[in-house]
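Structure record follows, encoded as structure tokens.
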């Protein structure tokens, strides 16, 4: 039986690679406490890691003075993960499939879509937000 947790955690990190480990760890702790299966916990950690890394690298262009906001909202049967950056480069729409590329990049948004139950992207000048929702299985 899952814990009946409710509440929110807010994390602000600088746009410097390595800091993504903080929200990854937090998501792992919260998802385990909520009762997500171990493989699902791993998926959520990977999803938040991809989203935060994208925010650092692309949205904030590795500008360590630009923060990334991560919000984790616990409901009785779901966990919502929000990642917000300062939108120096807009988040692209999630493609149906990865285009032909010669590098190993461009998998992040597709991966996120496969790891969570819902994904919503908002991209406006100066503001990017990706919202991911994972539902607990009964």
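The values are calculated or read from the model by the stated rules, or taken from the named source; none is laboratory data. None of the values given here were measured: they were computed from a predicted structure. Neighbour counts run over all protein chains shown; Cβ positions are idealised from the backbone, glycine included.
Descriptive notes on the structure:
- Filter result for residue 9 (closer than 26 Å to residue 88 by Cα and either crowded, with 16+ Cβ neighbours inside 10 Å or free of Cβ contacts under 8 Å to residues at least 24 places away in the same chain (or both)): no
- When residues of the range 89-117 are limited to those that are touching a strand residue (DSSP E or B) at 6+ places or on another chain (Cβ under 9 Å), surrounded by fewer than 19 Cβ atoms within 10 Å (Cβ to Cβ) and farther than 16 Å from residue 36 by Cα, the one modelled with the highest pLDDT: 113
- Tally, over the range 33-53, of residues that are out of contact with any helix residue (DSSP H, G or I) (no Cβ under 8 Å at 6 or more places or on another chain) and more than 18 Å from residue 134 (Cβ to Cβ): 0
Residue-wise test of (1) closer than 22 Å to residue 124 by Cβ; (2) more than 13 Å from the chain's Cα centre (by Cα).
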{"position": "16", "(1), (2)": "no, yes"}
{"position": "30", "(1), (2)": "no, yes"}
{"position": "60", "(1), (2)": "yes, yes"}
{"position": "69", "(1), (2)": "yes, no"}
{"position": "83", "(1), (2)": "yes, no"}
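- The residues of the range 32-74 that are free of Cβ contacts under 8 Å to residues at least 40 places away in the same chain and surrounded by fewer than 18 Cβ atoms within 10 Å (Cβ to Cβ), listed by number, are 32, 33, 38, 39, 42.
- Against the test of being touching a helix residue (DSSP H, G or I) at 6+ places or on another chain (Cβ under 8 Å) and outside any loop (DSSP other than H, G, I, E, B), the options 56, 13, 22, 30 yield a single qualifying residue, 13.
- Qualifying residue in the range 60-80 (condition: in a helix (DSSP H, G or I) and in contact with a strand residue (DSSP E or B) (Cβ under 7 Å, 6 or more places away or on another chain)): no
- Only a single criterion out of (1) closer than 15 Å to residue 127 by Cα; (2) at pLDDT 90 or above is not satisfied by residue 9, namely (1).
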